[in-house]
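Some notes on the structure that comes next.
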Amino acid sequence: PKAFDRLYTKMVAAGEIGGVLDLILQRLANFMEKAERLKSRIKGAMIYPICVIVVAVAIVTGIMYFVIPKFKDIFNDFDVTLPGLTLWLIDASLWIAGTPEAGEQAIPGYVWIIASPFLIYFFFALIRKTKPGRAAVDIVLMKIPVIGNLVEKTSVARFTRTLGTLIAAGVPILEAVIITSETSGNHVYEKALNEVHDSIREGESVAAPLREAKVCDSIVVNMIEVGEETGDLDVMLVKVADNYDEEVDVAVSALLSLMEPMLVVVLGGIVGTIVLALFLPLVKMIESVSDTG
């Protein structure tokens, strides 16, 4: 099981029984290549924003650690009354540097900044190990604008390709639906596919429970319904998967297009806040020097 999952073994077993093992292995190869290509597209699209965020956090942390304390000493020397924004910035700098003036703290702030991505990752990993936690995370992800659309399209592409490949390999429909449910990777679609399994077992259709669950667009349900009526369910499912793979590309591009200006605005706001907080006292210092002169 560490090397070959249930999907793989069931397809190979069906190929052996049907005497078409070569064809099944070719289908498996195509399936795995397309699934890996989809993962690679999503991971590749996230490299740019992640790099920008990491570099930006490193630069801002460096400014707070090394630069702000120098300005604090200058302000103290001139005995200037500092505005609230500047005081907040200095307090944040003291927290990041972990200086005694920031109060009693066992761990400097920069350590928390470095560790926070790993802590968040492990926190969500632990949550997803429990069934209620995984369900909650999947439901929340699907509610987030833009990201939810990407998660939905990725999940539909995955389960339709898996189910279509299993049916084409000759795996019995009930078993194929169970395997697809277990490998869907999303609680919402796993639940919908379990309802599909119950529907088929009672002699009903695949499309009806999917329509009731409202986890797929109407065009997907209609194509599955046509596939059932014509006896080409596997062909329709693979066609849906191909279409949704293309839509995932568009969704990833849209996400990147949205993230780039958002990153610029957020970073500009952070830098502008720091500059404003530092220049407000400098203006007061210049005015006081002018009045004295």
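The values are calculated or read from the model by the stated rules, or taken from the named source; none is laboratory data. From a predicted model like this one, the values you see are computed outputs, not experimental measurements. Every residue, glycine as well, gets a Cβ built from its backbone with ideal geometry; the counts of neighbours run over all protein chains shown. Please note that ligands, DNA and RNA were not included when accessible areas were found on the heavy atoms of the full protein model with its side chains. Shrake-Rupley method; radii C 1.70, N 1.55, O 1.52, S 1.80 Å.
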Test: residue in segment 186-195 that is assigned to a helix (DSSP H, G or I), in contact with a Pro (Cβ under 8 Å, 6 or more places away or on another chain), within 24 Å of residue 7 (Cα to Cα) and not small (Gly, Ala, Ser): yes
Filtered residue count, segment 1-43, keeping only those that are assigned to a helix (DSSP H, G or I), modelled with pLDDT of 80 or more, within 29 Å of the chain's Cα centre (by Cα) and small (Gly, Ala, Ser): 2
Pairs with Cβ under 6 Å, 6+ apart, first in segment 141-160 and more than 10 Å from residue 251 (Cα to Cα), second modelled with pLDDT of 85 or more and polar (S, T, N, Q): 155/186; 159/180
Residue in segment 261-278 that is under 31 Å from the mean Cα position of the chain (by Cα), among the small types (Gly, Ala, Ser) and open to solvent by 60 Å² or more (accessible area, probe 1.4 Å) present: no
Matching residues in segment 1-58 - criterion: being touching a residue at least 24 places away in the same chain (Cβ under 8 Å), over 16 Å from residue 162 (Cβ atoms) and open to solvent by 70 Å² or more (accessible area, probe 1.4 Å): 17, 41, 48, 53
Segment 101-115 residues that are over 22 Å from residue 76 (Cβ atoms) and at pLDDT 55 or above, paired with ones that are assigned to a helix (DSSP H, G or I) and among the polar types (S, T, N, Q) (beta carbon under 8 Å, 6 or more apart): 110/61; 113/61
Yes/no for residue 185 being touching a residue at least 12 places away in the same chain (Cβ under 8 Å) and open to solvent by 40 Å² or more (accessible area, probe 1.4 Å): yes
